[in-house]
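**Q** Structure provided below as structure tokens; questions to follow.
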Amino acid sequence: MTTVAPGPAIGVAAPGTGAPGTGAEDVAARRAGAAGVGLMLPGTLYLVAFFVIPVFALLATSLYVPVPGGDVGQFMPAFHWQNYVTALADFWQPLARSFWFALLATAGALAVGYPIAYLIAVRGRGRPLLQGMLLVLVVAPFFTSFVLRTIAWKQILADDGYVVQALHWLHVLPPDGRLTATSFAVVVSLTHNFVPFMALPIYASLERLDPRLVEAGGDLYAGPWTTFRTVTLPLSMPGVVSGTLLTFIPAAGDYVSASLLGNSTNTAMIGQVIDTRFFRLLDYPTAASLSVVLMAAIAVLVGLYVRRTGTEDLL
Amino acid sequence: MRSPHTASLELWGVRKEFGSFTAVESLDLTVPEGSFFALLGPSGCGKTTTLRMVAGLEQPTSGVISIGGRDVTGTAAHRRPVNTVFQSYALFPHLTVLDNVAFGLKRKRVPDARAKARAGLETVQLAHLGDRRPNQLSGGQQQRVALARALVNSPSVLLLDEPLGALDLALRREMQLELKRIQADAGITFVHVTHDQEEAMTMADTVAVMNEGRVEQLGPPAELYELPSTAFVANFLGRSNLVTGSVVDVGEVLGVDVAGTRLRVPVGRVSAGSTGVGAVVQLGVRPEKVRIVANGSEPTSGSNVLGPGKVTDVSFTGVSTQYQVDLGDLGVHEVFAQNSSGAPEVRVGDAVRLAWDVDHTFGLAGEPARSGQ
Ligand SMILES: Nc1ncnc2c1ncn2[C@@H]1O[C@H](COP(=O)(O)OP(=O)(O)OP(=O)(O)O)[C@@H](O)[C@H]1O
Ligand SMILES: [Mg+2]
């Protein structure tokens with residue numbers, strides 16, 4: 001016998017404890033409550049240790065001031081909000097550029113990832129072996145390191161590489177034009193690195209799509225393209241939203257692509273700036289305040305986006 | 001309002017193979033414009049496949065499909081003047097009920113699509129639920145939305161794939177009448193697929209009985225019931241008592257020897273096949289046409305009589321009593337007797353004979369194993 005605990009206490013008493021009498025039931029309920037707390041404890045501790053405390057440390061650091069007469073890298077606690085103003089005044093450009101590049105990379109990854117997902121999920125339906133093989137191919141780039149994949153683009157887009165030579169030959173690129181050390185190279189690398197994050201969630205939602213709904217679209221006078229626009233695409237939106245979030249958020253904070261494929265003037269992303277401030281210049285407050293701004297901006301953008309696409313239940 | 005678009009549907013030698021499996025074999029069907037046509041058959045006999053070929057969702061392996069005299073065999077689904085009520089409803093989960101119903105109208109760029117959709121919802125009495133999502137409706141309501149979604153487009157032919165399968169008996173009965181009324185009002189050609197013989201017989205003008213990818217028999221329900229032409233139809237559409245014998249007398253009325261007993265059948269009630277002397281035929285009769293002749297009484301002259309046999313079961317079902325009578329080598333026969341006055345008192349274990357009018361006998365060609373092969 002199990003006894004459902006009375007009142008607001010959550011949980012079910014363990015078997016064998018359901019003795020008659022409210023006293024025993026209260027004890028059972030309390031014991032169940034204690035078990036619930038016990039189960040939540042490791043997760044809570046983990047979050048406190050590795051999320052709550054670091055975030056507070058970050059917030060605190062962002063307000064520090066240099067120790068007067070101290071060494072480089074020596075700071076003391078303060079509430080110096082001015083740090084944010086200077087950081088934003090100095091670095092609003094890389095910050096804005098990060099979101100711009102992330103947006104381009106997200107659009108690129110969507111343009112590449114959606115057809116891949118559609119091909120595997122819809123065209124490959126009923127052929128699980130083929131689907132499995134294609135999925136492995138989508139994930140295969142992850143078997144090599146992020147850095148290696150990024151460096152590979154350096155080779156592909158090099159001045160004497162086939163791509164640039166072909167573009168020269170086609171007069172798409174002026175004779176002195178190049179692709180390495182440009183925004184283009186950075187965005188291409190970002191796009192490439194995040195395509196699987198885009199394709200997999202979209203694949204998952206297309207895979208769940210009932211093919212009979214597509215047939216119903218055809219039966220109700222919608223041609224293939226209209227059916228895609230009015231049935232398939234709306235029903236795969238949860239996948240598109242997850243995919244764009246999984247791409248946009250890390251891409252906005254990325255610094256590997258920009259450091260390896262960019263130049264020093266017009267491709268710097270905020271991740272690079274934070275990296276330089278923190279590790280090279282030991283300017284912890286500026287690095288921290290930029291991190292906070294990045295986090296807050298992403299949170300706001302994601303919130304607006306999710307609200308707009310009506311997929312709050314994803315969060 | 002009668003649909004101005006209604007049209008006839010014709011299938012000429014339509015076949016469908018899935019790999020080496022033939023789901024539909026060389027089907028010839030003519031469904032007159034404005035009629036209520038039922039496709040009846042057991043599970044897996046190819047009913048859905050046939051409908052899907054008409055809707056354009058499946059391409060026939062061979063054959064021609066025409067709607068209103070126009071060959072549509074190669075026409076894409078969205079260009080056919082046909083709508084389907086799917087076996088699984090297939091309502092769009094991301095659209096409201098109203099938008100589901102308006103979907104086809106919007107694609108056809110009909111002006112006032114939403115107003116017309118609302119009117120369509122009214123005909124199925126769901127106008128008050130237009131703003132809900134399909135998953136917030138009961139099964140019966142979803143089914144009615146699916147019906148409205150197809151009907152508002154006033155198609156030339158409406159295909160219904162077991163649309164009442166998910167409903168309880170009372171609602172099902174109500175929807176059968178409702179569908180019949182809608183069909184009569186709109187005058188649209190309905191092709192209604194079902195495996196419920198009672199549903200097919202009460203609703204349709206014409207019933208086609210399908211089995212293993214073939215149409216076994218086609219005709220008005222009463223004709224199919226009175227004069228089945230194959231053993232499959234005789235047993236799928238109601239029940240039948242069947243015996244096998246060989247023809248010994250020819251003429252207006254055939255004489256057939258069945259295990260030593262002489263039975264008679266009007267030659268016009270024997271379907272196809274050879275009816276010459278020596279031909280093997282199956283004779284059948286519906287259980288409600290059979291009378292029980294108790295020991296001691298005599299059957300009326302001019303009847304077919306079998307027996308004696310032993311009553312093995314008596315079940316009272318309210319309006320009638322059903323008897324099982326074991327005739328030995330001729331198998332167990334059924335008798336349904338109305339519970340009106342004057343019925344003989346018969347108990348399990350009694351020895352009785354079975355009698356029925358010669359004119360109620362029907363004959364099927366061939367061996368009992370399977371006719372028509
Ligand atoms: N896509 C397919 N591939 C292979 N075989 C199929 C396919 N579709 C249907 N079949 C087979 O064709 C036969 C007829 O199927 P169909 O769906 O037409 O049956 P049905 O008469 O509608 O049955 P039910 O009453 O159960 O709905 C079945 O044996 C089925 O297994
Ligand atoms: Mg079916």
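The values are calculated or read from the model by the stated rules, or taken from the named source; none is laboratory data. Keep in mind that this is a model prediction, so the values were computed, not measured. Positions of Cβ are backbone-derived with ideal geometry, glycine not excepted, and every protein chain shown enters the neighbour counts. For accessibility, only protein heavy atoms count, side chains too; no ligands or nucleic acids. Shrake-Rupley method; radii C 1.70, N 1.55, O 1.52, S 1.80 Å.
**Q** Which number in (1) hydroxyl-bearing (S, T, Y); (2) more than 15 Å from ligand 1 (Cβ to nearest atom); (3) buried (at least 20 other Cβ atoms within 10 Å of the Cβ) marks the one condition that B:T30 misses?
**A** In the conditions (1) hydroxyl-bearing (S, T, Y); (2) more than 15 Å from ligand 1 (Cβ to nearest atom); (3) buried (at least 20 other Cβ atoms within 10 Å of the Cβ), B:T30 misses (3) alone.
**Q** B:A7 fails exactly one of the following numbered conditions: (1) more than 8 Å from ligand 1 (Cβ to nearest atom); (2) surrounded by fewer than 15 Cβ atoms within 10 Å (Cβ to Cβ). What is the number of that condition?
**A** Among (1) more than 8 Å from ligand 1 (Cβ to nearest atom); (2) surrounded by fewer than 15 Cβ atoms within 10 Å (Cβ to Cβ), B:A7 violates only (2).
**Q** Of the residues B:V270, B:V293, B:V314, B:V280, which is in contact with a strand residue (DSSP E or B) (Cβ under 8 Å, 6 or more places away or on another chain), modelled with pLDDT of 90 or more and hydrophobic (A, V, I, L, M, F, W, C)? Steps first, please.
**A** Working: B:V270 fails: modelled with pLDDT of 90 or more; B:V293 fails: modelled with pLDDT of 90 or more; B:V280 fails: modelled with pLDDT of 90 or more.
Result: B:V314 is the single residue among B:V270, B:V293, B:V314, B:V280 that is in contact with a strand residue (DSSP E or B) (Cβ under 8 Å, 6 or more places away or on another chain), modelled with pLDDT of 90 or more and hydrophobic (A, V, I, L, M, F, W, C).
**Q** On to the next question. Only one of B:L40, B:L51, B:L95 is surrounded by 14 or more Cβ atoms within 10 Å (Cβ to Cβ) and more than 16 Å from ligand 2 (Cβ to nearest atom). Can you tell me which?
**A** On the way: B:L40 fails: more than 16 Å from ligand 2 (Cβ to nearest atom); B:L51 fails: more than 16 Å from ligand 2 (Cβ to nearest atom).
Residue meeting the stated conditions: B:L95.
**Q** Still on this structure, please answer the following. Select from region B:296-311 the residues that are basic (K, R) and in contact with a Lys or Arg (Cβ under 9 Å, 6 or more places away or on another chain) and list them in ascending order. So that I can check it myself, show each step before the final result.
**A** Of all residues in region B:296-311, those basic (K, R) come to B:310.
Listed by number, the list is empty, since nothing qualifies.
**Q** Looking only at residues that are small (G, A, S) and closer than 12 Å to B:T244 by Cα in region B:279-308, which one is surrounded by the fewest Cβ atoms within 10 Å (Cβ to Cβ)? Walk me through it before giving the result.
**A** Initial filter on region B:279-308 (small (G, A, S)): B:279, B:284, B:294, B:296-297, B:301-303, B:307.
Still in the running and closer than 12 Å to B:T244 by Cα: B:279, B:284.
Values: B:A279: 19, B:G284: 22.
So the residue we want is B:A279.
**Q** Another question about this same structure. Residue under question is B:R80, and the condition is that it be out of contact with any Pro (no Cβ under 6 Å at 6 or more places or on another chain), more than 14 Å from every other protein chain (Cβ to nearest Cβ), among the basic types (K, R) and away from ligand 2 (no atom under 16 Å from the Cβ); does it hold? It would help to see each step written out before you state the result.
**A** Numbers: out of contact with any Pro (no Cβ under 6 Å at 6 or more places or on another chain): yes; more than 14 Å from every other protein chain (Cβ to nearest Cβ): no; among the basic types (K, R): yes; away from ligand 2 (no atom under 16 Å from the Cβ): yes.
In short, no.
**Q** Additional query: Looking for whichever is within 14 Å of chain B (Cβ to nearest Cβ) and open to solvent by less than 20 Å² (accessible area, probe 1.4 Å) here; the options are A:A222, A:A251, A:A199. Which one fits? Walk me through how you get there before you give the answer.
**A** Working: A:A251 fails: within 14 Å of chain B (Cβ to nearest Cβ); A:A199 fails: within 14 Å of chain B (Cβ to nearest Cβ).
Only one candidate passes the filter, namely A:A222.
**Q** In the set B:V64, B:V101, B:V72, B:V85, which member is within 16 Å of ligand 1 (Cβ to nearest atom) and either within 8 Å of chain A (Cβ to nearest Cβ) or at negative phi (or both)? Don't jump to the end; show me each part of the working.
**A** Values: B:V64 fails: within 16 Å of ligand 1 (Cβ to nearest atom); B:V101 fails: within 16 Å of ligand 1 (Cβ to nearest atom); B:V72 fails: within 16 Å of ligand 1 (Cβ to nearest atom).
Criteria check complete, one pass: B:V85.
**Q** Turning to a different aspect of this structure: Of B:L105, B:L137, which residue is open to solvent by 10 Å² or more (accessible area, probe 1.4 Å) and within 29 Å of A:R208 (Cβ to Cβ)?
**A** Numbers: B:L105 fails: open to solvent by 10 Å² or more (accessible area, probe 1.4 Å).
Criteria check complete, one pass: B:L137.
**Q** Here's something else I'd like to know. I want to confirm something. Restricting to region A:225-239 and keeping residues that are buried (at least 22 other Cβ atoms within 10 Å of the Cβ) and more than 7 Å from every other protein chain (Cβ to nearest Cβ), which single residue is nearest to A:V195 (Cα to Cα)?
**A** Applying the filter and picking the extreme gives A:G239.
**Q** Of everything in region A:202-219 that's open to solvent by less than 10 Å² (accessible area, probe 1.4 Å) and more than 12 Å from every other protein chain (Cβ to nearest Cβ), which residue is farthest from B:S88 (Cα to Cα)?
**A** The extreme case among them is A:I202.
**Q** Name the residue that is nearest to B:A7 (Cα to Cα), counting only residues in region B:185-207 that are open to solvent by less than 10 Å² (accessible area, probe 1.4 Å) and within 12 Å of ligand 1 (Cβ to nearest atom).
**A** B:V193
**Q** Scan A:L95, A:L130 and give me the residue that is part of a helix (DSSP H, G or I) and open to solvent by 40 Å² or more (accessible area, probe 1.4 Å). Step through it out loud before you land on a result.
**A** Numbers: A:L95 fails: open to solvent by 40 Å² or more (accessible area, probe 1.4 Å).
Exactly one residue qualifies, and that residue is A:L130.
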